[in-house]
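Chemist: For reference, the structure I am asking about is given below.
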Amino acid sequence: MYSNKWIGSLYITPFVIGFLLFTAFPFIASFVLSLTDARLQDQLGAANFVGLSNYTEMAADSTFRQSLGVTFAYVFITVPLKLAFALFIAVVLNFKLKGIGLFRTAFYLPSILGGSVAIAVVWRFVFAGDGLLNQALAGIGIGGVNWLGEPTTAMFSIVLLRLWQFGSAMVVFLAGLKAIPEDLYEAADLDGASRLKQFFMITLPLLTPVLFFNFIMQIVQAFQEFNGPYIITAGGPLKSSYLLPLMIYEEAFKYFNLGYSSALSWVLFIIIAVFTAVAFWSQKHWVFYAQDRDDKGGH
Amino acid sequence: MASSLNPADHGWRKHLPVINAFVRYGLLILVGFLMIYPLLWMIGGAFKNNAEIFSSVGFIPKSPTTDGFINGWKTSTEYTFATYLLNTMKIVVPKVIVTVISSVIVAYGFARFAIPGRKWLFALLMATVLLPKSVLLIPQYLMFREFGWLDTYLPLYAPQAFATEGFFVFMIIQFMRSLPLDMEEAAVMDGCNSFQVLTLIVCPVILPAIISVALFQFMWSMNDFLQPLIYLSSVEKYPVALALKMSIDVTEATSWNEILAMSTIALAPSLILFFLAQKYFVEGVTSGAVKG
């Protein structure tokens, strides 16, 4: 709307300063730190340059390999399940029935509250030895399971916490479903296409932009999960839920190894960057944009 | 559904819409029950005595008691829970305010001005959304240590005064771009400068987007745990999130009702806001995904 570049630049100055000071500088500094043996309690001047040894050390670090393995397991289990479930419920909800708004509220609520410590605490009580889940199972004659004490079930408990928060992905899917013109389905009905066929031939292709958005957001978030493992399982037992963000935190603030922790955080960054880059690169093969709206180009 | 109105249909097929609705409702009720039950159990448990929490799966307390609230409020520390609630507000309120102001100003610059290198700057803005925060954690910590900001609230909201949360800026940009320009152009004709246009014309119109941003930032800041964990060391400055974590470390084995009561109080502001303003959350979360 305005052509005076200098006034416009003034408006975005806060972002430029904030980006340089709180994002770009720390981002580069963390890579530099990852090449040193800096310790939390020492002055930075005391740190030595150690080259890539923090990175080579990882290859021999069984804790790191364990952490990397469970992080991938966690992401590969939660993201597809959460997206599939969110899409399934969105399709069920996308129907003119009374009380649908009430269900949407009920399903959305957990993803607003789910990141809080209070919910993590409740989760810990639900899965505790004498907690809600074991009481319910005892009611139907199943003996107590040591949910947080066994590696597989401990992981299951934090996976379930994230699946429980499928609501925000569902709301996005629902908005995408509402945007699909109804006459497409009417035409398909006339052609005698089954509901299942309509889902795969109409719904799914037209939802791919929304699916793409949800996929990226869920991947990025899942790789950064911290509260669940920290509060519910403390990363255990036997480091079975010791996700990478928890390891990064503990290396820095419990063992004071800033150099090694920075190197770990760069590995996490590279993993996320590779996933997002592949997703963006691949979108031309599977994401279907119905019309190329040019409202992104500005005025 | 149209096919069911066809008189040629007979047999079970004519009941299909009813069966369809029945199955849908059944599924939704089942899933909804599982979703909400942990919350009901938390609230119910807050009003139970400890023996009952361990002995019944129902959420309605048989002999309701407020012991959990009374004892939980005292906490195991020298401060009451009120201190922690107040501390939370001392972090959340400034954070929401500076987030809204800085995001609106920066979004206005992006949405309405021909800025040199805008495309690149916008790409950087979006990149900050995807950048994992843990890669910034340690240098930011060291930087704030140099500033002498450890054990203060400044590290928790000072960065947000510089529009560091790209998601919010993006939400407002999207909203601004969907608006017609005639009002703003008329105001310029009448002699308003661009800042007057922003405050007098644009801000009232983008109020829904501003409310969405404020609500999301409120919720996320209430939930924030890792940042306070790193920066705050004295208990008197703890927000609710840290106080709750501390309470499960100290009293978990015995007093579940106290912890459930304080969890309920901790979630109450978010719960109330969610029910009052659900529309804004839905609009906020979908604006980036669908309009874009």
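The values are calculated or read from the model by the stated rules, or taken from the named source; none is laboratory data. All values derive from a computational prediction rather than experimental measurement. No Cβ is skipped: glycine too gets one built from the backbone with ideal geometry, and neighbour counts run over all protein chains shown.
Chemist: Within region B:179-212, track down each residue that is touching a residue at least 60 places away in the same chain (Cβ under 8 Å), more than 8 Å from chain A (Cβ to nearest Cβ) and either of a type in the set (Gly, Ala, Ser) or exposed (fewer than 13 other Cβ atoms within 10 Å of the Cβ) (or both).
Modeler: Scanning region B:179-212 gives B:ALA209, B:SER212.
Chemist: Another question, then. Before we move on, is B:TYR79 more than 25 Å from the chain's Cα centre (by Cα), surrounded by 15 or more Cβ atoms within 10 Å (Cβ to Cβ), aromatic (Phe, Trp, Tyr) and more than 10 Å from chain A (Cβ to nearest Cβ)?
Modeler: Values: more than 25 Å from the chain's Cα centre (by Cα): yes; surrounded by 15 or more Cβ atoms within 10 Å (Cβ to Cβ): yes; aromatic (Phe, Trp, Tyr): yes; more than 10 Å from chain A (Cβ to nearest Cβ): yes.
Answer is yes for this residue.
Chemist: What is the residue count in region B:51-79 for residues that are more than 21 Å from A:ALA136 (Cβ to Cβ), part of a loop (DSSP other than H, G, I, E, B) and among the β-branched types (Val, Ile, Thr)?
Modeler: 4
Chemist: Specify which of the listed residues (A:VAL32, A:VAL75) is within 11 Å of chain B (Cβ to nearest Cβ) and either under 30 Å from B:LEU154 (Cβ atoms) or buried (at least 20 other Cβ atoms within 10 Å of the Cβ) (or both). Outline the logic, then answer.
Modeler: Numbers: A:VAL75 fails: within 11 Å of chain B (Cβ to nearest Cβ).
The conditions single out A:VAL32.
Chemist: Can we say A:LEU133 is assigned to a helix (DSSP H, G or I), more than 22 Å from the chain's Cα centre (by Cα), aliphatic (A, V, I, L, M) and under 30 Å from A:GLY235 (Cα atoms)?
Modeler: Numbers: assigned to a helix (DSSP H, G or I): yes; more than 22 Å from the chain's Cα centre (by Cα): yes; aliphatic (A, V, I, L, M): yes; under 30 Å from A:GLY235 (Cα atoms): yes.
When the stated conditions are applied, A:LEU133 passes them.
Chemist: Exactly one condition in (1) in a loop (DSSP other than H, G, I, E, B); (2) in contact (Cβ under 8 Å) with a residue 24 or more places away in the chain; (3) closer than 20 Å to A:PHE95 by Cβ is false for A:GLN165; which is it?
Modeler: The number of the failed condition is (3).
Chemist: While we're on this one: Could you grab me the full set of residues in region A:115-154 that are away from chain B (no Cβ under 13 Å) and within 30 Å of B:SER221 (Cβ to Cβ)?
Modeler: The one that is away from chain B (no Cβ under 13 Å) and within 30 Å of B:SER221 (Cβ to Cβ): A:ALA154.
Chemist: Does B:ASP151 meet the test of being in contact (Cβ under 8 Å) with a residue 40 or more places away in the chain and surrounded by fewer than 21 Cβ atoms within 10 Å (Cβ to Cβ)?
Modeler: yes
Chemist: For region B:156-163, does any single residue satisfy the condition of being away from chain A (no Cβ under 11 Å) and crowded, with 16+ Cβ neighbours inside 10 Å? Quick ask: steps written out before the conclusion?
Modeler: First, pick out the residues of region B:156-163 that are away from chain A (no Cβ under 11 Å): B:156-157.
Add one more test, that the residue is crowded, with 16+ Cβ neighbours inside 10 Å, and what stays is B:156-157.
Yes - at least one qualifying residue is present in region B:156-163.
Chemist: Would you check if A:PHE256 is modelled with pLDDT of 90 or more and of a type in the set (Phe, Trp, Tyr)?
Modeler: Answer is yes for this residue.
Chemist: Of the conditions (1) part of a helix (DSSP H, G or I); (2) crowded, with 22+ Cβ neighbours inside 10 Å, B:LYS48 satisfies every one except a single condition; which number is it?
Modeler: Result: B:LYS48 fails condition (1) only.
Chemist: Just give me the residues in region B:102-118 being over 23 Å from the mean Cα position of the chain (by Cα) and more than 9 Å from chain A (Cβ to nearest Cβ), in sequence order.
Modeler: Matches in region B:102-118: B:GLY117 only.
Chemist: Still on this model: Hey, among the residues in region B:102-119 that are among the β-branched types (Val, Ile, Thr) and under 12 Å from B:GLU165 (Cα atoms), which one's surrounded by the fewest Cβ atoms within 10 Å (Cβ to Cβ)? Please lay out each step first, then the result.
Modeler: First, the residues of region B:102-119 that are among the β-branched types (Val, Ile, Thr): B:104-106, B:115.
With under 12 Å from B:GLU165 (Cα atoms) added as a condition, the list becomes B:104, B:106.
Details: B:VAL104: 24, B:VAL106: 26.
Among those residues, the one meeting the criterion is B:VAL104.
Chemist: May I ask you to list the residues in region A:1-52 that are within 30 Å of the chain's Cα centre (by Cα), assigned to a helix (DSSP H, G or I) and over 22 Å from B:LEU125 (Cβ atoms)?
Modeler: A:VAL32, A:LEU33
Chemist: Taking region B:213-237 as the search range and keeping residues that are of a type in the set (Val, Ile, Thr) and under 30 Å from B:GLY148 (Cβ atoms), which one is surrounded by the fewest Cβ atoms within 10 Å (Cβ to Cβ)?
Modeler: Of the residues in region B:213-237, the ones of a type in the set (Val, Ile, Thr) are B:213, B:230, B:235.
If we keep only those that are under 30 Å from B:GLY148 (Cβ atoms) as well, we get B:230, B:235.
Working: B:ILE230: 19, B:VAL235: 15.
Checking each candidate, the answer is B:VAL235.
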